[in-house]
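In what follows, a structure is listed as structure tokens, so that the remarks can point back to it.
The values are calculated or read from the model by the stated rules, or taken from the named source; none is laboratory data. If you're wondering where the values come from, they're calculated on a predicted model, not measured in any experiment. Glycine gets a Cβ as well: all are built from the backbone with ideal geometry, and neighbour counts include every protein chain shown.
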Amino acid sequence: MNILTDTLAWLTDPSHWTGPAGIPTRLGEHLALSGVSMAVAIALAIPIGIYIGHTGRYARLVVNSANLWRALPSLALIGIVLPFTSAMDPQLGFKVYPTLVAMVVLAVPPVLVNTQAGIAGVDRDLVEAARAMGMRERQVVRQVELPLALPALDSGIRSGAVQVVATATLGAIFGSGGLGRYLVEGVAQQDDGMTFGGVVLVAALALSVEAGFVLLQRGMKK
Amino acid sequence: MIDWAWVGDHLDDLAWRTLQHFLFAAIAVAVGFVLSLGFSIWSLRRPRLRAALVTASGVLYTIPSLALFAALIPVTGLSIVTAEVPLILYTLLIFMRNILAGLDAVAPDVLEAADAMGYSGRARLLRVELPLALPLVIGGVRLASVSTIGLVTVSGILGDRFGGLGFFIFEGYRHSFPTEILFGALPSIALAILVDLALVALQRRLTPWAAAQPAGGRIGPAGAS
């Protein structure tokens, strides 16, 4: 019961809702880190996914390596990137960059694989019909394949986003901002209220991201 | 960039942390497998229970690992239980999806034939359904092992007694010492690859009739992070 009251006390303390270490700021950092890396990952993965999905070229190679890529563990990945970024920039290279790079690297494969599968999964008869109507390849992609592949794209972006939100949390271990800071600091200072408050915030964020994309997908299927 | 003298001085530590890493992962995968097998069999012909269990394990899977480790500290302290429970919970979704998919894929004709031959429900499950589901089940073991080996590093948040090779990532960061970080991160990935290769070999042996399935094919996001 102590944990519950400690957590509630921590979460409802007005001083935790203002300032540079306040919840809105940390949430903003978390969302900014996640948003930037998702934007980069999407910009890289969707065009490639469309290309291989539409042409069928390199499909096996790309999908197999992307599947392997997905098994990369996030913490170790940040650890591998860190020595390189810190060699380039001794200040930020030890803080935000390794996490950002790892987040992009982890978000590309799910988006890529799902885009490819979505595009390649469009009924070939439809594509042939579109061609027979005189559509050019570009139009086939834009007007037929892409709209039909949207639910698949959404689920790829969803997997990527959930992974990215989790990795942003881990970034706190390496001195980047975000809600993970409450976990790292709470554990270090043995402050159960802060630790558990952080758990509530991080879990709520991850689950709302997931739920948001699920709802979006439902909307698309209607 | 790499300080080889440090590596030479710490070979013992590296070996011991590798062993710790392997053991932490092995315990979680074994316990997770037994639990999931139980849940899968229990819920196989109870659609509502099955949906509830899969949803619950999916929700747990979505929660970032750092939060799940931290969540248990106020409850079970800085102990092996706190290190193992999240690892076990993350395997549940992977195992249940694979075990249930394997059991679902058994052809109705096969089940009817087994029934006609007089198999009881339990004997049919043990001697017909589970053996046929084996390729997907082992696929689940591969995926769960690789993902768990990745996650063991995060348990380093619980202090120096935990984390396996992840210990070096945490300590290396505290000391701003890239060599140590790399020698935590790279061997942990190598361990995952080795274990996966060993499981592929086992898979070929146990189910020579099924071509080895690529890891990562059965589940959306590969590992919790």
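Does residue A:61 qualify as being at the interface with chain B (Cβ under 10 Å from one of its Cβ atoms) and at pLDDT below 90? No; evaluated as a whole, the condition is false for this residue. Just one residue in the set B:85, B:110, B:54, B:29 is within 22 Å of residue A:163 (Cα to Cα), away from chain A (no Cβ under 14 Å) and without any contact (Cβ under 8 Å) to a residue 60 or more places away in the chain; that residue is B:54.
With respect to (1) more than 29 Å from residue A:186 (Cβ to Cβ); (2) in contact with a Phe, Trp or Tyr (Cβ under 8 Å, 6 or more places away or on another chain), the lone exception for residue B:132 is condition (2). Of the listed requirements (1) surrounded by 15 or more Cβ atoms within 10 Å (Cβ to Cβ); (2) closer than 28 Å to residue B:193 by Cβ; (3) within 11 Å of chain B (Cβ to nearest Cβ), residue A:41 misses just one: (3). For the stretch B:189-199, the criterion of being of a type in the set (Asp, Glu), surrounded by fewer than 21 Cβ atoms within 10 Å (Cβ to Cβ) and at pLDDT 90 or above is satisfied by at least one residue.
Listed here are the helices (runs of 4 or more DSSP H) enclosed by the stretch B:1-72 that have at least 3 residues being closer than 17 Å to residue B:87 by Cβ: B:11-43, B:47-62.
Taking the residues in the stretch A:111-142 that are part of a helix (DSSP H, G or I) and surrounded by fewer than 12 Cβ atoms within 10 Å (Cβ to Cβ) as candidates, determine which candidate is nearest to the chain's Cα centre (by Cα).
Residues of the stretch A:111-142 that are part of a helix (DSSP H, G or I), as a first pass: A:111-120, A:124-132, A:137-142.
Narrowing further to those that are surrounded by fewer than 12 Cβ atoms within 10 Å (Cβ to Cβ): A:124-125, A:128, A:132, A:138.
Values: A:124: 31, A:125: 34, A:128: 35, A:132: 39, A:138: 28 Å.
Of everything passing the filter in the stretch A:111-142, A:138 is nearest to the chain's Cα centre (by Cα).
Being free of Cβ contacts under 8 Å to residues at least 60 places away in the same chain, facing chain B (nearest Cβ under 8 Å) and in a helix (DSSP H, G or I) is a property that does not hold for residue A:66.
Could you pull out the residue among A:166, A:206, A:161 that is within 14 Å of chain B (Cβ to nearest Cβ), under 21 Å from residue B:63 (Cβ atoms), part of a helix (DSSP H, G or I) and out of contact with any Pro (no Cβ under 6 Å at 6 or more places or on another chain)?
Details: A:166 fails: out of contact with any Pro (no Cβ under 6 Å at 6 or more places or on another chain); A:206 fails: out of contact with any Pro (no Cβ under 6 Å at 6 or more places or on another chain).
From the options A:166, A:206, A:161, the qualifying one is A:161.
Pick from the stretch A:169-190 the residues that are part of a helix (DSSP H, G or I) and without any contact (Cβ under 8 Å) to a residue 24 or more places away in the chain: which of them is nearest to residue A:29 (Cα to Cα)? Going through the qualifying residues, I end up with A:172.
Which one is nearest to residue A:29 (Cα to Cα) among residues in the stretch A:69-90 that are among the aliphatic types (A, V, I, L, M) and outside any helix (DSSP H, G or I)?
Looking only at the stretch A:69-90, we keep the residues that are among the aliphatic types (A, V, I, L, M), and these are A:71-72, A:75-78, A:80-82, A:87-88.
Among the residues that remain, those that are also outside any helix (DSSP H, G or I) are: A:71-72.
Numbers: A:71: 26, A:72: 24 Å.
Looking at residues that are among the aliphatic types (A, V, I, L, M) and outside any helix (DSSP H, G or I), I get A:72.
Scanning the stretch B:169-198 for residues that are touching a residue at least 24 places away in the same chain (Cβ under 8 Å), over 22 Å from the mean Cα position of the chain (by Cα) and within 9 Å of chain A (Cβ to nearest Cβ) yields B:178, B:179, B:182. Against the conditions (1) away from chain B (no Cβ under 12 Å); (2) under 24 Å from residue A:54 (Cα atoms); (3) not polar (S, T, N, Q), residue A:106 satisfies every one except (1). Being within 14 Å of chain B (Cβ to nearest Cβ), under 29 Å from residue B:194 (Cβ atoms), outside any loop (DSSP other than H, G, I, E, B) and in contact with a helix residue (DSSP H, G or I) (Cβ under 8 Å, 6 or more places away or on another chain), is that true of even one residue in the stretch A:91-100? So far as the stretch A:91-100 goes, yes, one or more of its residues are within 14 Å of chain B (Cβ to nearest Cβ), under 29 Å from residue B:194 (Cβ atoms), outside any loop (DSSP other than H, G, I, E, B) and in contact with a helix residue (DSSP H, G or I) (Cβ under 8 Å, 6 or more places away or on another chain).
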